[in-house]
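First up is the structure itself, then whatever we jot down about it.
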Amino acid sequence: MSASESTSGGADGTRGTGSTGSAADGTTPSAADRPTGSTAVRGRTAVPERAAPPGQTAVRGRTGPPRQGAVPVPRRSARPVGYGLLRTGRRASFLLHRRAAVVALALTAATAAVCVAYLCLGESLIAPGDAVKAVLHTQYGIGQPTPNDLVVGTLRLPRMTLGLLVGAAFGIAGALIQTVARNPLASPDIIGVTQGASAVTVGAMTYGVTAFAVLPYLSVAGGLAAAALVYVFAWRGGLQATRFVLIGIGFAVALRSITQLFLTKGDYLVAQQAKVWMTGSLNGRGWDEATPLGWALLFLLPAVVWAARAQRTVSMDDDTATALGVRLGRVRLGLATLGIVLAAMATGAAGPVDFVALLAPQIARRMTRTAQIPLLCSALTGSFIVVAADLLARKAFAPTELPVGVLTAAVGAPYLIYLLLTSGGRGRSSRNGGTTA
């Protein structure tokens with residue numbers, strides 16, 4: 001048979017069964033006629049590549065031992081160590097630090113427990129069930145009036161709510177400023193933010209402005225002005241951590257002197273009121289101070305969510321962050337501005353409650369062991385510290401009631417000394433990845 005006959009078929013014009021693999025009648029074999037596992041390629045069947053047994057590799061449809069010198073690469077997960085993948089939908093998912101989630105739940109439970117104790121303890125002891133009934137009736141109109149409505153719903157609940165909001169604001173503010181400065185000593189009450197708010201507020205009170213509806217806004221303005229001065233004087237082609245902290249401490253001392261000058265010039269009663277406010281106190285505070293602060297925190301919540309993502313890149317060294325395309329100057333300015341606004345608003349609502357912004361982020365960082373300071377855990381830690389300290393201030397020295405800032409300063413000052421001895425005094429890189437003073 002010639003080559004033309006082998007390709008064109010027999011005399012009847014039908015295709016033969018040559019190398020094409022077609023049937024004698026000119027039809028292509030069906031799927032049922034093809035061998036199991038084969039595929040049709042241009043009218044013929046082919047056996048697919050077989051899976052390689054363990055220890056062998058598949059090369060062009062056949063298996064064999066691995067090539068000489070080939071090193072098997074183990075499969076590694078792209079998920080960081082300590083993180084879990086939390087799925088919220090078919091395509092929505094995000095990484096969740098397991099230890100941070102556990103710590104956040106524990107802090108939430110501890111804060112809820114101290115809030116129940118806050119509502120129950122005082123000059124009159126109230127059972128937890130009665131306290132809950134009083135809260136439900138006074139705030140939501142659920143149930144019948146109780147004898148504890150005045151004590152729980154009017155006196156203790158607003159004060160406790162303000163303490164929660166103030167602690168959360170100070171905790172987030174301290175975490176953001178410490179992240180920007182890369183220094184555990186850089187908190188609003190160390191670098192002059194709260195001192196600037198205090199100076200403007202006491203000066204306004206000295207000259208007759210005592211309305212609580214106006215003082216918080218003046219505190220915010222004073223805190224922002226003080227922080228702007230510190231930022232301008234500390235900027236030398238960049239924000240260096242040591243210079244930022246030292247200049248902030250200098251401004252804090254100067255602003256504290258200005259505040260004392262206002263106290264000596266003002267009326268005696270106004271000076272006494274200003275001194276109580278300067279120590280940080282929740283006494284006499286209520287919904288008038290808690291409501292504006294709560295709405296402000298709710299309004300700034302999207303900015304806080306952005307800050308939680310942005311601080312990951314700011315925590316890197318400058319060369320790495322710049323190589324990733326991060327505009328460090330703008331991001332740091334945004335984080336610092338957000339932290340300063342939160343600290344100034346908390347100061348205007350309850351006064352400069354010292355060392356909360358210093359303690360809360362570092363405690364949260366050590367409990368979670370994360371690369372960055374966790375904002376949620378810092379907020380929860382700050383709320384727990386303020387409410388617990390105010391509860392102790394009301395009960396530990398009864399019938400004398402101390403300002404909450406006295407107890408936070410009593411705990412925060414030794415901790416500041418501890419930070420100076422363990423990190424700042426040696427001038428080395430601290431645990432939070434930044435240069436210390």
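Tabulated results
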quantity	calculated
Extent along principal axes [Cα atoms of the stretch 361-403; Å; largest to smallest]	45, 14, 11
Rg and Dmax of the stretch 148-239, Cα atoms only, in Å	16.6, 60
Proximal lysines to residue 265, defined as alpha-carbon separation beneath 29 angstrom and excluding residues fewer than eight positions away on the same chain	275
Value of D in µm² per second that Stokes-Einstein yields for the stretch 195-350, Kirkwood Rh from Cα pairs, at 4 °C (1.567 mPa s)	76
Angstrom value of the Kirkwood radius, inverse mean 1/r, which spans all Cα pairs in the stretch 136-192	13.9
Compactness relative to 2.2 N^0.38 Å, alpha carbon Rg of the stretch 281-378	1.24
Placed amide H near residue 148: partners under 5 Å, 5+ positions off or other chain	none
Residue-by-residue Karplus 3J(HN,Hα) for the stretch 389-402, coefficients 6.51, -1.76, 1.60, Hz, glycine and proline x	5, 5, 5, 5, 5, 7, 9, 5, 10, 4, x, 6, 10, 8
All lysines inside 27 Å of residue 133 as judged from Cα atoms, apart from same-chain residues fewer than 8 positions distant	395
Restricting the stretch 325-418 to chymotrypsin sites (Phe, Trp or Tyr not before Pro) in coil, as DSSP defines it, with at most 12 other Cβ within 10 Å	397
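Bear in mind these aren't lab numbers, they're just calculated from the coordinates by the rules spelled out. Remember, it's a predicted structure, so these values are computed and weren't measured experimentally. Positions of Cβ are backbone-derived with ideal geometry, glycine not excepted, and every protein chain shown enters the neighbour counts.
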